[in-house]
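Have a look at the structure below, then the notes.
The values are calculated or read from the model by the stated rules, or taken from the named source; none is laboratory data. Note that the coordinates shown come from a computational prediction; the quantities given were computed from them, not determined experimentally. FYI the Cβ positions are ideal-geometry reconstructions off the backbone, even for glycines, and counts take in every protein chain you see.
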Amino acid sequence: MRVLLIDDDFNLNKVIGYQLEKNGYQVESSSNGREGIERFKKGGHDIVISDIQMPDVSGIEVLREVRRLNKKTVIIMITAYGSVDNAIEACRMGADDYISKPFGQEQLLFTIEKAVRLRSLQSENIELKTELTDKFRFDNMVANSGPMQNVLRVTQKVAASNATVLILGESGTGKELIARAIHYNSPRREKPLVTVNCPSIPNNLLESELFGHVKGAFTGAVKDRAGKFEQADGGTIFLDEIGDLHEELQAKLLRVLQEHEFDRVGGNRPIRVDVRVIAATNQNLLELVKQKKFREDLYYRLSVVPINLPALRDRREDIPFLVDFFLKKNYGGQSYSISPEVIAALKAYDWPGNVRELENVIERMVTLAADNTLTMADLPEYIQLEGHDPSSFSIKIPDEGISLDSVERLVIKEVLKRSSGNQSQAARMLQIPRHVLLYRIKKLGLE
C-alpha cells in the first residue's frame with residue numbers, strides 16, 4: 001500500500017518512513033502541508049499520515065482537502081502530547097484515527113492496520129447497502145400481470161411514507177420481498193431492517209425478543225439486552241406471520257404503534273423508538289378479529305395501508321417472466337432454453353406453494369436436466385399430470401355391465417397412482433374438494 005507521510009520534522013519523517021518501508025509499505029514524504037496536498041493530487045496514495053501542527057498549511061487543512069478529494073483514503077493524524085483535543089476534533093472531521101507522540105513502531109503499525117481494516121469494513125457495508133438497494137428496486141420486480149401492477153403501484157407510493165403496512169397473501173407469494181422493497185426504497189434505507197418471524201419464537205421468549213429485558217428480569221437474564229425494536233430504531237421492523245402473535249403481546253405492540261414507546265421485560269423506564277412497522281400474514285385477520293383471537297384496534301393500526309398479494313394461479317401470465325428471472329438470478333452464468341410445452345404445463349399448474357414453489361421447481365429442473373434445454377421430462381410428474389383428463393384412460397366394460405361405484409373406484413385409483421398418492425393433487429385433477437375425495441376414498445374402501 002502507498003503511504004503519503006506529511007510532517008515538518010525531517011528526522012521523524014525519516015524514522016517513520018524507514019519503519020513503514022521495512023514492513024512492506026511504499027512511502028512518499030513531504031515536509032509541509034502544501035507540498036503534501038500537491039503530491040496527493042497526483043493520486044495513488046492509500047494512506048495519508050499527517051502531523052496536525054505545521055507552520056504553513058496545518059494538518060487540519062490537509063485533512064479537509066484530502067477528504068474532499070477522496071472519501072476512501074485512510075487518514076491518520078499525528079499529534080503532540082497535550083494536543084489530543086485537536087486530534088479528536090480531526091476525527092470528527094473525517095480522520096480515521098490519531099496517534100500521539102512519542103510512539104513506537106508497533107503502535108504505529110497497529111494504528112495503521114486498525115484504520116485500514118475499519119475503512120475496509122465501512123466500504124463493504126456501503127457496497128452491501130448499495131447492492132441491496134439495487135436488488136430491491138421496483139423495476140427489478142416481475143409484475144407484468146394486472147394484479148401485480150396494482151401491488152407495485154401501491155408499494156411505490158407507500159415506500160416514501162412512514163405509514164404502517166399490512167401485507168396479506170398466501171405462503172410463498174413474496175410478502176417478505178415486498179417488505180424489503182418498501183424499506184430499501186424508503187428514506188429509512190440507511191437504517192436497519194429487522195425481521196421477526198413471530199411463530200418461530202416461543203411465546204415465553206417473544207416479548208424479550210421484541211422489547212428486550214433488564215438484568216435479573218428472569219432466570220438467565222445476566223445482563224441488559226436490547227430487543228428487536230431498539231435494534232430497528234430509525235429503520236423498519238418486519239413482523240412476519242403477525243396473526244400468530246399472542247394476545248398479551250398484541251396489547252404491547254399496540255402501545256408501540258400508538259405511543260412509540262415500550263418497557264423492557266422487567267424494566268420500569270419507557271424506551272422511545274422511531275420504527276416503521278410492516279406486518280404480514282397468510283391468515284384472514286378479519287376472521288380472527290370476529291373470533292376474538294386478534295385485537296380489532298391492533299388490526300386497524302396495522303392495516304393503515306393493506307397490500308394484498310395475489311396467488312400465482314391468479315397471475316399466470318407472470319410465470320414465463322418469473323422462470324426467466326429465476327434462471328438468470330440463480331444460473332446467470334449459463335444459458336438455458338425452455339420448451340413451450342414446459343411453459344404451458346407450468347401455467348396449467350395451480351401452484352399451492354406459489355412463487356416459492358416455482359423457484360424450487362426451476363432449481364430441480366436445472367439440477368436434473370441432461371443439458372441446457374429444459375424439457376417436459378425434467379418437470380416433476382405431478383406438474384406434468386396437471387390438467388390431465390382421467391377419463392382418457394381405458395375402462396373395459398363387460399357385457400353384463402359394471403357398477404358406477406366400480407368405475408369411480410377405478411378412476412380414483414388411477415388418479416392416485418398418477419399423483420403418487422398426493423390426495424390434494426388428485427382432488428385438483430378430479431376437480432373436487434379434497435374432503436370430498438377423502439369421503440369417496442373411505443366409502444369405496446380405498447384407504
Report, by residue number, each residue of the range 49-67 that is among the charged types (D, E, K, R) and either touching a His at 6+ places or on another chain (Cβ under 8 Å) or over 18 Å from SER123 (Cβ atoms) (or both).
ASP51, ASP56, GLU61, ARG64, GLU65
Which pairs turn up if I take residues in the range 11-24 that are assigned by TED's automatic domain parsing to the domain that holds LEU109 and look for partners that are in a helix (DSSP H, G or I) with beta carbon separation below 7 Å, at least 6 apart in sequence or on another chain?
ILE16/LEU108; GLN19/GLN105; GLN19/LEU108; ASN23/LEU109
THR236 in the same structural domain as VAL289 (by TED's automatic domain parsing), in contact with a Lys or Arg (Cβ under 7 Å, 6 or more places away or on another chain), touching a residue at least 60 places away in the same chain (Cβ under 8 Å) and among the hydroxyl-bearing types (Ser, Thr, Tyr):
no
Just checking, how many residues over the range 175-220 are part of a loop (DSSP other than H, G, I, E, B), free of Cβ contacts under 8 Å to residues at least 60 places away in the same chain and not small (Gly, Ala, Ser)?
10
Counting only residues that are part of a helix (DSSP H, G or I) and of a type in the set (Phe, Trp, Tyr), which one in the range 1-55 is surrounded by the most Cβ atoms within 10 Å (Cβ to Cβ)?
PHE40
Consider GLY267 carefully, then state whether it is in the same structural domain as GLY174 (by TED's automatic domain parsing) and in a loop (DSSP other than H, G, I, E, B).
yes
If PHE229 satisfies all but one of (1) of a type in the set (A, V, I, L, M, F, W, C); (2) within 18 Å of the chain's Cα centre (by Cα); (3) closer than 14 Å to THR281 by Cα, what's the number of the condition it fails?
(3)
LEU166 - would you say it is touching a strand residue (DSSP E or B) at 6+ places or on another chain (Cβ under 7 Å) and outside any loop (DSSP other than H, G, I, E, B)?
yes
Is it the case that the range 100-122 has a residue that's at pLDDT below 85, in contact with a strand residue (DSSP E or B) (Cβ under 8 Å, 6 or more places away or on another chain), surrounded by 16 or more Cβ atoms within 10 Å (Cβ to Cβ) and of a type outside the set (A, V, I, L, M)?
yes
Contact list please: Cβ distance under 8 Å, first residue in the range 423-447 and within 19 Å of TRP351 (Cα to Cα), second residue aromatic (Phe, Trp, Tyr), pairs at least six apart or on different chains.
GLN425/TYR382
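Residue-by-condition table, conditions (1) surrounded by fewer than 17 Cβ atoms within 10 Å (Cβ to Cβ); (2) in the same structural domain as LEU168 (by TED's automatic domain parsing); (3) of a type in the set (A, V, I, L, M); (4) closer than 16 Å to ARG313 by Cα:
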position: LEU327; (1), (2), (3), (4): no, no, yes, no
position: SER335; (1), (2), (3), (4): yes, no, no, no
position: ILE338; (1), (2), (3), (4): no, no, yes, no
position: ALA345; (1), (2), (3), (4): no, no, yes, yes
position: VAL366; (1), (2), (3), (4): no, no, yes, no
Take the residues in the range 432-447 that are modelled with pLDDT of 85 or more and not in a helix (DSSP H, G or I); name whichever of them is surrounded by the fewest Cβ atoms within 10 Å (Cβ to Cβ).
PRO433
Please determine, by comparing only the residues of the range 276-298 that are of a type outside the set (Val, Ile, Thr) and touching a residue at least 60 places away in the same chain (Cβ under 8 Å), which one is surrounded by the most Cβ atoms within 10 Å (Cβ to Cβ).
ALA279
Polar (S, T, N, Q), free of Cβ contacts under 8 Å to residues at least 12 places away in the same chain and not in a loop (DSSP other than H, G, I, E, B): does that describe ASN330?
no
Test ILE88 against the criterion of being β-branched (Val, Ile, Thr), at pLDDT 85 or above and outside any loop (DSSP other than H, G, I, E, B), and give yes or no.
no
Selection from the range 347-364 of residues within 16 Å of GLU317 (Cα to Cα) and of a type in the set (A, V, I, L, M, F, W, C) yields ALA348, TRP351, VAL355, LEU358
Give me a count of the residues in the range 56-77 that are in a loop (DSSP other than H, G, I, E, B) and in contact with a Ser or Thr (Cβ under 6 Å, 6 or more places away or on another chain).
0
